[in-house]
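See structure below.
The values are calculated or read from the model by the stated rules, or taken from the named source; none is laboratory data. Small disclaimer: the values here were computed from a predicted structure and weren't measured. Cβ placement follows ideal geometry from the backbone for every residue including glycine, while neighbour counts extend to all protein chains displayed. Quick note on the areas: whole protein, heavy atoms, side chains included, nothing else; ligands and nucleic acids left out. Shrake-Rupley method; radii C 1.70, N 1.55, O 1.52, S 1.80 Å.
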Amino acid sequence: MTQAETAGRNAAEAVETFTAGVGRSFMNKLEAAAQKEPGGVAAVLQEMRLGGKHADLRQEFDKRLKTDSSFASAYSGATNAVGDYGKSRLAVSDRLKAKGLSTTLADERLQSTDAALGEEASRLPGRAQGKSVLEELAEKASAMLQKAIDKVASVFRRPDEPAAQQAARAAPSMSMG
């Protein structure tokens, strides 16, 4: 729990360092565009892609990441710290569940940090075009969950049965007959 709280404080500080510091001028442009967009920041981030309505913001963001080491370092620090908080947060729940304990108190204790960092991560452009940092972290969490599921499934596979054979056997046939 203490590690998650510390990771939360570190993430909040790193995001603040980026958004109020070296990233402020870019964030001001993003927020100005969001005021004119019916979907707000989420709509602007979605359109920050090649051919999108806010492709110019994406180009500026990408250029700054490549050419401005302070900008890139502060951005990476913020995104990595938010990711570290997410890992620590999940670890708290996993440890409590493994011990057969309720996660309710931990959830309540970390709820404000979850909300604040989730909001901030949803307002930061992701490295991928058209995505926020929050969306990218969710995709990574989904991929990690899939790997965990695959690892558990491999335990139940017969040793002489490759995964592809098992998947093929379980899949419905496409034959017409």
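Points to keep in mind about this one:
- Each residue in the range 105-123 was checked for being open to solvent by less than 70 Å² (accessible area, probe 1.4 Å) and more than 18 Å from the chain's Cα centre (by Cα), and 2 pass.
- When residues of the range 11-30 are limited to those that are in contact with a helix residue (DSSP H, G or I) (Cβ under 7 Å, 6 or more places away or on another chain) and open to solvent by 30 Å² or more (accessible area, probe 1.4 Å), the one nearest to Glu135 (Cα to Cα): Ala12
- In the set Glu108, Glu135, only one residue is within 23 Å of Arg58 (Cβ to Cβ) and assigned to a helix (DSSP H, G or I); that residue is Glu135.
- If the condition is being surrounded by 14 or more Cβ atoms within 10 Å (Cβ to Cβ), part of a helix (DSSP H, G or I) and either in contact with a Cys (Cβ under 9 Å, 6 or more places away or on another chain) or not hydrophobic (A, V, I, L, M, F, W, C) (or both), then the range 32-48 contributes Gly40, Gln46.
Rundown of residues vs (1) within 18 Å of the chain's Cα centre (by Cα); (2) among the hydrophobic types (A, V, I, L, M, F, W, C); (3) closer than 20 Å to Lys131 by Cα, yes/no style:
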{"position": "Gly40", "(1), (2), (3)": "no, no, yes"}
{"position": "Leu50", "(1), (2), (3)": "no, yes, yes"}
{"position": "Gln59", "(1), (2), (3)": "no, no, yes"}
{"position": "Tyr75", "(1), (2), (3)": "yes, no, yes"}
{"position": "Thr79", "(1), (2), (3)": "yes, no, yes"}
{"position": "Arg95", "(1), (2), (3)": "no, no, no"}
